[in-house]
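Quick notes on the structure that follows.
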């Protein structure tokens with residue numbers, strides 16, 4: 001059962017170490033990614049610095065190594081395992097959640113407390129399925145060729161991308177072992193999970209791209225809410241399995257003070273790129289802040 005907690009007042013730091021693990025598309029060097037230098041955690045970093053004595057933003061290769069890669073799993077697990085103390089916080093965005101989940105399900109390297117999960121494609125995403133069709137040399141027709149060219153340009157035609165295909169696709173390295181495995185992952189994500197339901201999300205430079213992906217490609221295939229890259233059902237899959245296994249009465253809500261936050265945000269919003277929107281259902285940065293304050297208690 002999730003116990004309701006009042007939030008602590010803003011003031012002195014409330015956490016010792018706060019670790020933020022990135023997702024897909026980083027080549028593993030500090031000069032590489034626009035995402036790491038400009039976009040990733042953009043509007044969150046100053047808030048985290050106020051709330052945490054120490055903040056950590058490690059960089060790993062998530063281009064040439066897929067979610068099932070043992071060395072990548074070890075990199076993420078070993079880093080996260082350092083910060084499982086009562087005053088520590090571990091956050092993961094997107095593919096970062098799948099990597100930590102796979103370290104547990106594949107190698108039995110399960111974090112003692114777990115982590116806070118944002119926009120994770122736990123059972124895969126239709127977006128990599130599409131890229132497998134579009135990326136060179138597979139792209140056919142003008143729309144597919146153009147989409148594949150654009151994806152290749154920003155480094156998304158990669159081993160790591162294809163590893164996140166949905167579980168019904170050959171070669172998927174998502175969490176595809178059934179309800180029992182998902183429930184184990186859900187137990188580690190029980191402290192807090194945020195999922196997005198809008199390709200457009202909070203209006204930003206990423207909104208037209210992710211909005212178009214949602215409207216033109218993801219929604220017609222999946223017929224379900226998504227964040228422009230990840231379906232809601234994939235993001236909530238581990239939580240759903242954990243609730244079913246434990247009989248918990250935890251549910252997703254649309255306010256950022258809740259541990260389980262169904263936000264009208266896109267995939268980029270989940271990494272703090274656009275800050276907060278005006279409504280409660282568009283406040284991803286506030287959700288991160290609240291999870292830092294509320295901590296591991298769940």
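The values are calculated or read from the model by the stated rules, or taken from the named source; none is laboratory data. Keep in mind that what you see is a predicted model, and the values were worked out from it rather than measured. Note: ideal-geometry Cβ built from the backbone for every residue, glycine included; neighbour counts use all protein chains shown.
Quick look at the numbers
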| read-out | value |
| --- | --- |
| Inter-residue pairs, beta-carbon under 7 Å, first touching a residue at least 40 places away in the same chain (Cβ under 8 Å) and at positive phi and in the range 40-62, second assigned to a loop (DSSP other than H, G, I, E, B) and surrounded by fewer than 18 Cβ atoms within 10 Å (Cβ to Cβ), 6+ apart | 41/57 |
| The range 254-274 - residue that is at pLDDT 95 or above and out of contact with any strand residue (DSSP E or B) (no Cβ under 9 Å at 6 or more places or on another chain) and, of those, surrounded by the fewest Cβ atoms within 10 Å (Cβ to Cβ) | 257 |
| Residues that are in contact (Cβ under 8 Å) with a residue 12 or more places away in the chain and in a loop (DSSP other than H, G, I, E, B), drawn from the range 244-257 | 248, 249, 250, 252, 254, 255, 256, 257 |
| Candidate set: the range 213-243, residues that are at pLDDT 85 or above and not in a helix (DSSP H, G or I); chosen: the one surrounded by the fewest Cβ atoms within 10 Å (Cβ to Cβ) | 225 |
| Test: residue in the range 179-199 that is over 15 Å from residue 239 (Cα atoms), crowded, with 17+ Cβ neighbours inside 10 Å and over 19 Å from the mean Cα position of the chain (by Cα) | no |
| Lone unmet requirement of (1) under 20 Å from residue 194 (Cα atoms); (2) at pLDDT below 95; (3) under 16 Å from the mean Cα position of the chain (by Cα) for residue 6 | (3) |
| Selected residue (only one of 246, 251 is touching a strand residue (DSSP E or B) at 6+ places or on another chain (Cβ under 7 Å), at pLDDT 95 or above and surrounded by fewer than 24 Cβ atoms within 10 Å (Cβ to Cβ)) | 251 |
| Residue match in the range 109-126 (condition: touching a residue at least 12 places away in the same chain (Cβ under 8 Å), touching a strand residue (DSSP E or B) at 6+ places or on another chain (Cβ under 9 Å) and in a helix (DSSP H, G or I)) | yes |
| The lone exception for residue 208 - which of (1) in a helix (DSSP H, G or I); (2) in contact with a strand residue (DSSP E or B) (Cβ under 6 Å, 6 or more places away or on another chain); (3) without any contact (Cβ under 8 Å) to a residue 12 or more places away in the chain it fails | (2) |
| Residue list for the range 152-168, restricted to those being part of a loop (DSSP other than H, G, I, E, B) and closer than 10 Å to residue 128 by Cα | 156, 157, 158, 163, 164, 166 |
| Any hit, the range 62-79, residues being under 15 Å from the mean Cα position of the chain (by Cα) and at pLDDT below 95 | yes |
| Top-ranked residue of the range 16-35 - restricted to ones that are within 15 Å of the chain's Cα centre (by Cα) and under 22 Å from residue 205 (Cβ atoms), ranked as modelled with the lowest pLDDT | 35 |
